[in-house]
Structures are given as structure tokens and as C-alpha cells.
Amino acid sequence: MKLTINGESRQVDVPADTPILWTLRDVLGMTGTKFGCGKALCGACTVMLDGQPIRSCVTPISAAENKKITTIEAISEDKVGQAVQEAWQSINVPQCGYCQSGQIVAATALLRDNPNPTDEDIDTAMSGNICRCGTYTRIRAAIKQAAQQGDK
Amino acid sequence: MTDNNLPQIENISRRSILKGFALSGLVLAVGMPAQLLAADEKQKYGRDGMPNGWVDDPLVFVSIAEDGTVTIVAHRSEMGQGVRTSLPMVVADEMEADWQQVKIVQAEGNEKRYGNQNTDGSRSMRHFFMPMRNVGAAARMMLEAAAAAMWAVPVAEVKAKNHQVIHAKSGKTLGFGELAQKAAEMAVPENQNLIYKSADEFNYIGKKDNKLVDGFDIATGQTTYGMDVRLDDMVYAVVAHPPAYGDTLKSYDDTETLKVPGVIKVLTLPSSPPPAVFNPLGGVVVVASNTWAAIQGRKKLSIEWNAGPNRQYDSAKFRETLQASSKQKGGKVIRSKGETYNELANASSTITADYYIPHLAQAPMEPPAATARIVDNVCEIWTATQNPQAGVDTVAKWLEVKPEQVKVNVTLLGGGFGRKSKPDYLVEAALISKALGGQAVKTVWTREDDIQHSYFHTVSAEHLEAGFDESGNTTAWLHRTVAPTIASTFAKDAKNEMPMELGMGVVNIPFDVKNIQIENPEAAAHTRIGWYRSVSNIPHAFAIQSFIAEMAHKTKKDHKDFLLALIGPDREIDPASLKDDWNYGESPELYPLNTTRMKGVINMVTDKADWGKTLPKGSGQGLAVHYSFVTYVATVVEVVVNDDGEVSIPRIDVAVDCGPQVNPERIRSQIEGACIMGASLALTSEITFKDGVTVQDNFDGYQVTRMDAAPKEIHVHLVPAKDFNQPLGGVGEPGMPPVAPAICNAIFNATGKRIRELPIRYQLES
Ligand code: FES
Ligand code: FES
């Protein structure tokens, strides 16, 4: 199967129903995208498919044919993604960090669509992403900081 | 990262250490044996009382390359508390290293070399602040001695400053890199000769804006957690574990499993009978070329289990048993002062309340995972563990080899919360590798494995009674606490709470009440009971701090005033006088229970939260205070309860007195996290059993707080310490216990409804 991942074209040989998550992690060795629940309940595995955030643990690789996958490893190639990553570091958002790939991808997708999200917009976009360490107040602050960055 | 042939192993901490220490340029290299305290027979406290104690040898913890790079070993596990930043930062500051030129490497599990590594009990900074200062001061003095020798000037004339040593008289300077070779030849100063920096010279310690060492790697997806480890020719395994505690495998059929593309092999692991200790659960193992194939293969297994002794475990029934014993006079008397039963019978008025707190699973965001291989009779493991030495010892026992034949490399942990203190999953990986002839294998726990096979937080019934005189002063306090004990995981038939569990807020209540009776009736365990962030403090603080609010309401007093009066006059209390001989392992002289500090956090938090302010209908404030891990925490929560009975939390204020604050930014983040984890267990989280098996198995059933339900604002207020010589308190856990009672006290003030069982879930729906 031919895929486009982070702008590179890749060839993988896996059954068509293999989730994107495990193709990335185990077959291609791209472990930035995390496994948290396997059931679209936690958001740790969030990647973008043609710019839309998706749960890669329940999306078969066949759904990615002729589409573009963007993962945390290439989020910085996008201006919004870069602003999000910078805000994350300047606010020291992470605790353990395990959920943060998914949080950053989800936040980037939100800000690309909606450069000035309200608290409610943030709740809607981000409530699929669990942070067991409890970094939500800082995630909210970082999204707002990244949004301001975009205003400049 | 995208190249499959990249030597992935280079990402792993252990390799970095090897590289760092073995290759040229790093000269402060091989260490001396651990220097432990002289072994006297006296009771040892704090870091002296921990297995394998502590090490402060600069040759173990610091190396300097000729290019000036200072490499500092982080020997405690990083799981979100920031220890990989904070402890090395202490070394760097004390040695005058420039943080920009510091590299951190993670220690493998080896307590003889590094001192205690069991990252648990909110102890890392409390126990290792001084040893790390010693390391840094010694390294700095060796660099200064080297410079003085090279310039042939008295050492008193030179001073280390910002990664170089300066001779002010001549204006000469030498960088740390230039001095590395010579410094390594200098004698390590004796501890009594160490000269420490004064607090006003600190560059990082106590400063507000320290950045995380792993911040960039996390933001760019480049970190390696246990789940991310990749070795050459590695296969993947998942295990079908016995469903109930004590079940064993009867038979299985793997015909369909072996048809799944990618499945390589099916094998079995033996189960061990309870008590569980850290033994693996056993079961049927599916080995495959990737995780997904292994999971699919597991689904296709058909397995028959022999029912063990716990198939009857049913949470609804067990709750009745627990509550019945909590309401019955008797059980082991833990503390008895005065004539509590008489006083209650003769009191002018009394109040009684029963509280219930269910099982919980730690559910760290990264489920357990371990990668193992066996080469030349050495089993090497890469994993996210809080307790690598326990991993070494338990794996050695199961493989029947010497501990020297087991290496445990510690990756970053995607959360721990106590789950990753138990190395059952390391043993599993080692046994699977052994069964595969030593091949590298990553054993992955799915979320279902994690939630169904946690070492669960216990389930508790707490019965409280109090008596008052005519003026509403408290004259008697009765508390019966019933909960399966952690001891049951290690010893058959243990049914009473251990001193450690009782010392978590049941016996060590500093209340100024004449008659106090505390009892602990027996409770049997039917699952693996373990520890979960802040442990028994959760049920104890929930019951006691809710009850105190109920007492205040009953006697028509303001909760805060009532609480302060109950604590009584300023004093330092010897924990032993409260029948607490444990005291978090700390010296009673160094860490008495200090009521001034406890009242201090109450006053601070109520002040900052504007306690008693007017709020609209449906809103309320709630207060709770709790002392745990030798730290004082008071919390005020503001809630809004809407007409549908849904709770939201606009604001939480927390006052924390944990003594000196080495990395205040990470203290704040730990307290923020505790507020959210505390909200989870108050609002939605619960593990229940039916037929010995958990009803919940993923985040749909086991619900945790998400962004939309999280507190909107969390304000952390730190009580300043006099200086950095005061004893340090714990930080990772003590933020948790007051959260749930403060939420429930706020709900009472908002609605008049008293919550006595957790989680709240739908209890407020009318
Ligand atoms: S791993 Fe995909 S949503 Fe949790
Ligand atoms: S930072 Fe640990 S789960 Fe979010």
C-alpha cells in the first residue's frame, strides 16, 4: 500500500484493516504517536488525515490511501503547529508527556480551523484527549498563547 | 525517525549512559562503591532508612567532557513529577554548571551504585536534595582544586562561576571542560569539608522559571517511553491474563489465533497463587510481528480457566459486608484516649456518618509495557518502571539467575501513580523472552489489561461519630475504618490495615478532643490491592474532612472556624503520641506534626479564595485540609451545580506548606495535576467487581476527568520556607487527599445535599 506520511511517500505491506497507529509505530518505527486505549476514547493516538484530526487507533490504514497523514514528528512544518509546540514549552505544559503528542496535534488542528477559539471551542475540540496527569489548565493556557502568536 | 533501519536503541537511556561514560572525553567516570551511612543499630529515618540508602559520590553522578559538557545522572524515575529536571538541577546549581551545557542520562536499576531508586512515596526531593547538593559541591571543589593546582595558587583564591573557574587576582579563567582531566585526579572532598553555596547565590534552586529537560523532545514527539522501545529483530506479545485473582489456565485452543496474519506463536505462562506479591499473572501469550496482530490473535483464542478463590467477588455485596463491620463496635483498637463510648452516650448531642470510597485503578496514560531479551545469560529489560531494583530482583528470582544477570533500563514513564512500582509486567516480558530462546520481545499491556489487572486502590467504609457539649464543642471522636489492606498482596490472610495505612490520616489526627477512639475491623481482600497516588489518605481524608464539615453544620458554626478550633492551640505533636510510629518513615524530631503549619495553610487558602464570599444560587465553596507525606495542604473548591445536577468547577485554590521549594514550577504543576486527578475520583472514577472481574475495562467505563469537566482555574499558593535548611516535605501526592472532600463540601454549600459516597456521578440528579 502506498501512503503519504509527513510529506514522504511510503510503502507498507500490512493487511488493509491494520490501524494507522500500529502501522506507524510498529511497521514504520514512528513512535511519536502514542497508544492509550485502542478504542477512540483517549486521543493519545491523534494524527491528521488530510488536515483533520483522527484517532489513528481505530482508523484502518486503507482509509489513508491517497490521503496525507501528518504526525507529531512533522507538526512543526506547519506555522500553527510550531506556535503550539513553542507555547507548550514556554508554559511547561507536560507532566509525563505521554498524552502530549495527541494534545498538540489536536490543538494544532483546532487552531488551524479556528485561530481564536473560545473556552467552549477548546472544550469541544480537546475533550477527546485525556491527560491523566491533569495538565488541562496549562493546555488551555498554551492554546490561547499560541492563538495570540497567530494574531501577530 | 522514519528510517526503519535506524539503530533505534540509541534513543535508550542505558545506551546513552554507556556511550557517555565509556567513550573518550568523559573523565570523571567510574565510581567508587556506594558510600552508605555507618550501619548502627539505631532506628534509621528518611533516606537513611531506605533500602540501599543514598549515594552522594560525584564520581557516580557527574562526568565532564573536554568540550565542557557536564553529564549528570538522574537516578529516580521520571513520571511527570519533573525529577529528571529537578534533581540534576540541584547538582548543576551547586557545582556552578551552566544548565545549557548539562546533559541528563538516566540511571539503570542499580541501588548499590546510586542509592535507593524506588520512586514512590513523594520522596525523591525530600531524600535527595542534600545528597545532590553534596555531589554538586564536591564536583565544584574538585574543579577549583584542579584550577588552583594548574595555576599554582592557593585554592582559596579561585572560585567556580558559570561553568568556569576564575582567579580574580590574575584575571585567569579555565572552563570546566579544560579542567575536566585534572579535576578527575583530585581527591573527593569529605562531606564535613564541603562548602555549599548560599541561597542568594543559587541560579536554579528555588527559581520560578526552570524549563523541563524533556520539554522539547515531548513537544516534538521524540521521547522514548517503555511503550516506544524498539530492538532489532523484536517481536511483540500480548497476554490473555486469568480474569479473576487466583484463576488459573485450564485449557486453550489457538487454532483461529494462528490463522491471524502476523501471529508467530502461542505459548503459556504459569500463574502463581495469591498472595500476588510482584509475581506475573500468567496466562496465554500471543507472539506476533506487531502489536495489532498480537491483539487480534488474542481475541481469537478460546480459553477455559479454572475458577480461583475470588470468583464470588461482587462489589455491591462486599460493600454491605464492609459497611456492616464498620457500624459494629469493635475490631482492632488502634488508638484509644479517654472514654469515647461513655462520652458519646452522655453527650449533649451527637452526629454519625458513614462514607464509602470504591476501588480505583491508577490508569497511567501509558499502559504497562516492557521489552526484554536474553543474551549470553544476561536478561536486559527496557521499561517504564518506578522501581527498577525491584524489577532486577523479581526478574532474577523468576529466571533463577543472579541479580547481576539482570539489567533494567529505565525509560520515561507515561505516568505511574503507583502502578509502575509493581514489576509484574517486567517479569512477564523476561519469561516470554526466555520461552523464545532469548529473542527480543516487547510485551504490551492494552488498556483493558491495565484496568482489569491493576494493583487496585482499596475499597473502604468509614464510620464516624462525634459528641458535643452544650456549647457545641467536640468532646468525643470515634472512627472505624475498614478496608482490604495492601499487606494482603504480600501475606496470606492479612486483614488489618498496616501502620503505614493507618498513619495516612486515620490515627495521626491532631485534633484537640479529649476522647478519641479509632478502630479497624478486619476486611478480606479479593483482588490485588496496591497503592495509588496518596494511597489510604484518599478515603481517610474524604471521610474525616467531610465529617468535620458536617459537624460544623450541625453545631451551626462556620466550617473554617470550626476546623481551626478542632485543631486547637499551636503545638508540635510527636506522631508516636498519636499512635503513629510510621510518620512516613521520617524522624519524629525532624518532622513533628505541627498545628501552626496546618492552621497556616487553612488561613492562607481561605484568604486567597475569599472564603465566605457571596455566590449565586447553585454555587458554593468547600474547604478541606490534610497532612500527608509530611506536607500540609488546604484546598478550597468552588463548584456550580446546575439544575440537572451536573457539577462544574470554576476555581480551586490550594495552599501548600512543603518546606523549602527547590523547583516551585514543578510543585505547582504537581498540585494542579492532583486537583484534576482528585476531581476524577470525586466525580466519576470507580472500579467495581462482578464475579471476580472488573466491570470497567477502558476509559468508557472507567471515566476520568477531561478538559470540559476540569477545573477552569487552579491557583496554587506556596508557603515560603525560612531557608533551604528546613526539612523538605513531599509534593507528588499530598495535593490529592483534600480535593474530593473539598468538592463535596462545596456541593453541600451549593445545594444542601451531602455526598457520602464516591464517585458523585448521578447522585445529584433529582
Ligand atoms: S489510543 Fe486511540 S484514542 Fe486512545
Ligand atoms: S502529561 Fe501525562 S498524561 Fe498528559
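The values are calculated or read from the model by the stated rules, or taken from the named source; none is laboratory data. All values reported here derive from a predicted model rather than from experimental measurement. Heads up, the Cβs are rebuilt from the backbone with ideal geometry, glycines too, and the neighbour counts pull from every protein chain shown. SASA here: full protein model, heavy atoms, side chains in, ligands and nucleic acids out. Shrake-Rupley method; radii C 1.70, N 1.55, O 1.52, S 1.80 Å.
Going toward the positive end of the dipole of region A:75-150, with +1 on Lys and Arg Cβ and -1 on Asp and Glu Cβ, which of A:Gln100, A:Ile122, A:Gly150 do you reach last?
Ranked along the dipole, the leading option is A:Gln100.
Which order do the peptides B:661-674, B:742-755, B:638-651 take when ranked by the mean count of other beta-carbon atoms within 10 Å per residue, highest first?
B:661-674, B:742-755, B:638-651
Please work out the Cα convex hull volume for region B:645-766 and give it in Å³ per residue.
For region B:645-766, the hull spanned by Cα atoms encloses 136 Å³ per residue.
I'd like the antiparallel share, as a percent to the nearest 5, of DSSP beta bridges with both residues in region A:2-74.
85 percent
How far is it, in nm, from the label point at B:Ala187 to the one at B:Lys329 when both lie 7 Å from their Cα along the line to the Cβ?
If labels sit at B:Ala187 and B:Lys329, their model points lie 7.0 nm apart.
Run through the DSSP bridge list for chain B and note the antiparallel percent, rounded to the nearest 5.
75 percent
Any chance you could list the semi-axes, whole Å, largest first, of the equivalent ellipsoid that the Cα gyration tensor gives for region B:113-258, using √(5λ)?
51, 19, 17
Please compute, for the alpha-carbon atoms of the protein assembly as shown, the extent along each of the three principal axes and give them in descending order in Å.
Taking the Cα atoms of the protein assembly as shown, the three principal extents are 79, 79, 63 Å.
By DSSP, what percent of the beta bridges with both residues in the protein assembly as shown are antiparallel, rounded to the nearest 5?
Beta bridges within the protein assembly as shown, antiparallel portion: roughly 75 percent.
Could you tell me how far the Cα centroid of region B:594-608 sits from the Cα centroid of region B:504-582, in Å?
So the two Cα centres are separated by 17 Å.
Count, for each residue of A:21-32, the Cβ atoms from other chains sitting within 10 Å of its Cβ, then give me the mean as a whole number.
6
Taking every Cα atom in region A:75-150, find the radius of gyration and the maximum pairwise distance Dmax, and write them in Å.
Rg and Dmax of region A:75-150, Cα atoms, are 10.8, 29 Å.
What number, rounded to the nearest 500 deg cm²/dmol, is the helix-based mean residue ellipticity at 222 nm of chain B, given -39500 (n - 2.57) per DSSP H run of at least four residues and division by all its residues?
Helices in chain B give a 222 nm mean residue ellipticity of -8500 deg cm²/dmol.
Counting only the heavy atoms of the protein chains, how much of B:Arg123 is accessible to a 1.4 Å probe, in Å² to the nearest 10?
40 Å²
When Cβ neighbours within 10 Å are restricted to other protein chains, what is their mean count per residue of peptide B:672-679?
Averaged over the peptide's residues, the number is 4.
Using θ = phi - 60° and the Karplus relation 6.51 cos²θ - 1.76 cosθ + 1.60, list the HN-Hα couplings for region B:77-84 in order, rounded to whole Hz, with x at every Gly or Pro.
Along region B:77-84, the couplings run 7, 8, 10, x, 7, x, 5, 5 Hz.
Rolling a 1.4 angstrom probe over the protein chains, ignoring ligands and nucleic acids, what is the accessible area of B:Lys690 in square angstrom, nearest 10?
Surface accessible to solvent at B:Lys690 totals approximately 110 Å².
Using the heavy atoms of the protein chains and a 1.4 angstrom probe, tell me the accessible area per residue for region B:300-352 in square angstrom.
Per-residue value: 62 Å².
Using the alpha-carbon centroid of each, what span in Å lies between region B:115-133 and region B:313-366?
34 Å
In the calculated pair distance distribution of region A:2-74, what percentage of Cα-Cα distances lie above 21 Å?
10 percent
What is region B:318-372 by shape, rounded, prolate or oblate, if you read a ≥ b ≥ c off the alpha carbon gyration tensor as root eigenvalues and call it rounded for a/c under 1.5, prolate for a/b larger than b/c, and oblate otherwise?
prolate
For the pairs B:Lys337/B:Lys722; A:Lys68/B:Lys712; B:Lys112/B:Lys442; B:Lys211/B:Lys434; A:Lys68/B:Lys265, note any where the Cα-Cα span goes beyond 30 Å.
Beyond 30 Å: B:Lys337/B:Lys722; A:Lys68/B:Lys712; B:Lys211/B:Lys434; A:Lys68/B:Lys265.
Sort A:15-26, B:500-511 by packing, meaning the average of other beta carbons within 10 Å per residue, with the highest value first.
Ranking the peptides A:15-26, B:500-511 by packing returns B:500-511, A:15-26.
Using mean Cβ contacts within 10 Å as the protection proxy, how do B:719-729, B:128-138, B:416-426 order, highest first?
Going from most to least packed, we get B:416-426, B:128-138, B:719-729.
With labels modelled as points extended 7 Å from the Cα through the Cβ direction, what inter-label distance (nm, one decimal) is found for A:Asp121 paired with B:Asn377?
In this crude spin-label approximation the distance works out to 6.6 nm.
At a 1.4 Å probe radius, carbon and sulfur cover how many percent of the accessible area of region B:419-467?
Roughly 44 percent of what the probe reaches on region B:419-467 is carbon or sulfur.
Normalise the Cα radius of gyration of chain B by 2.2 N^0.38 Å (N = residues in it) and let me know the number.
Scaled against compact globular proteins, the figure is 0.99.
If contacts are Cα pairs under 8 angstrom and at least 6 residues apart, what is the relative contact order of chain B in percent?
Over chain B, the number comes to 13 percent.
Assuming R0 = 51 Å, can you tell me the calculated FRET efficiency for the pair A:Asn66 and B:Ser349, based on Cβ-Cβ distance, to the nearest 0.05?
E between A:Asn66 and B:Ser349, to the nearest 0.05, is 0.10.
Quick check for you: with a 1.4 Å probe and neighbouring chains kept, what is the accessible area per residue of region A:2-74, in Å²?
35 Å²
Find the eigenvalues of the gyration tensor of the Cα atoms of chain A, then list the square roots of 5 times those eigenvalues as equivalent ellipsoid semi-axes, largest first, in whole angstrom.
Taking √(5λ) for each eigenvalue gives 26, 16, 13 Å, largest first.
With 21 Å as the cut-off, how large is the P(r) tail for region B:463-557, expressed as percent of Cα-Cα pairs?
Across region B:463-557, Cα pairs with separations above 21 Å total 38 percent.
Per residue of B:410-417, how many C-beta atoms from partner chains lie within 10 Å of its own C-beta, taken as a mean?
4
In whole Å, what is the distance between the alpha-carbon centres of region A:100-152 and region B:260-280?
One Cα centre to the other: 41 Å.
Ordering B:Asp376, B:Asp217 by accessible area with a probe of 1.4 Å, largest first, what comes out?
Reading off the accessible areas and sorting them downward yields B:Asp376, B:Asp217.
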